[in-house]
Amino acid sequence: MANVSPALPGTSLAADCGMSVVPENPPPHVAFQVFLDGIGAAVRSVFFYVLIGNYVGMGALAHEVGFSFWWMALSTVLVWAAPAQVILLSTLNTASLWEVALAVTLSSVRFLPMVAALLPTMRRPGVRQRNLLLPMHLTAVSVWVEGMRLLPLMAVERRIAFYNGLGTGLISGAVIGGAIGFLLAARLPPLLAAGLLFFTPMAILMSSARNARTLIDGLAFALGLVVAPIVAAQKIGLDLMWTGLIAGSIAYTVHRLREAKKANKKARERKPAT
C-alpha cells in the first residue's frame, strides 16, 4: 500500500505531483502567530536598540520645541523616519504647514526604491493591494534591511504578517526611546538635556558619513556641511530642506559632468586614428 504523507497547510497534493498551486492565506490564528514572530525578530535585532538610542534624542527635541509626548509618539508612528521627524519638529513653529509637508515628503522620497524592491517578495495571486499598504508604510531603512534578510527564509504566504510584526516591533523601540528622551529632558539639568538634543543630529550625521562611499555621496555630504550654516544664518526657514536641495544639486551636477567627461574620453580612445 502506498505511503502518502499529509499535505502541509496551504498546499495540496497537486504540489507533490509537480503542479503549480497558489498558496492559501494562513488562518487568522496562524497569521497572528507569524505577526508575533515578526515582533520577536524585531526585539532580537540590533536595530531595535539602535532606534531606542536614536529616539532618545528625538524625545528630547520634542520636549524642547513644546511637543507633547503623545504628539511625538504619533509623529513617530505616522512619519516613521528620523530625518523627516527632525524636520517636522524643528520647522513646525517657524514654517507654514504646506512647507513642512513638502520638506517631510522630499526627505522621504528615498524610501520609494526600497518599497519597489520589497513588494515583489510579498506579491502573489490573491493578495489585494490594500494588504500591502501597511507594509509599505512600515518600510524604513531598519525594517527594510531586516525584512530583505529574513523574508526569503519563509513561505511567501506568511511574509506580509511577519513584515507587519517586524515593523511594529521596531516602531515600538522608537516610541520607547522617544519616551525615555522626553522624560529625561524634563528632569535632567540643562547641560545634559542639551546633550540629548545633540544626540539625534549627530547620529544622523555619522550615519551619513559612514554611508558616503561614492564621490557624489561624499561631495553632497561635504557641501552640506558648508551650505547648512550659511542657509541657517539667512533665517529663511526650512534650512534642512534647502541645504539638501542645494548641496545635492551641486553634487549631482558635478557627478554628471564627470561622467560625461569620462564617456567622451572613452569615445575618443575608441575612435580609429585617421
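Each reported figure results from applying straightforward, stated rules to the coordinates on display, with no laboratory input. Quantities reported herein were computed from a predicted structural model and do not represent experimental measurements. Using ideal geometry, Cβ is built from the backbone for each residue, glycine included, and neighbour counts are taken over all protein chains shown.
The residues of the range 61-100 that are under 21 Å from PHE198 (Cα atoms) and among the hydroxyl-bearing types (Ser, Thr, Tyr), listed by number, are SER68, SER75, THR76, SER90, THR91, THR94.
Filtered by the rule that a residue be aliphatic (A, V, I, L, M), under 19 Å from ASN93 (Cβ atoms) and in a helix (DSSP H, G or I), the range 234-272 gives LEU240, MET241.
Of these, VAL141, VAL145, which one is surrounded by fewer than 18 Cβ atoms within 10 Å (Cβ to Cβ) and either over 14 Å from VAL79 (Cα atoms) or touching a Cys at 6+ places or on another chain (Cβ under 6 Å) (or both)?
VAL145
Within the range 229-255, can you find the residues that are of a type outside the set (Ser, Thr, Tyr) and closer than 16 Å to GLY218 by Cβ? Hits for the range 229-255 are GLY244, ALA247, GLY248, ILE250, ALA251, VAL254, HIS255.
Residue count for the range 207-226 under the criterion of being among the polar types (S, T, N, Q) and either surrounded by 16 or more Cβ atoms within 10 Å (Cβ to Cβ) or under 21 Å from ASP239 (Cβ atoms) (or both): the result is 2.
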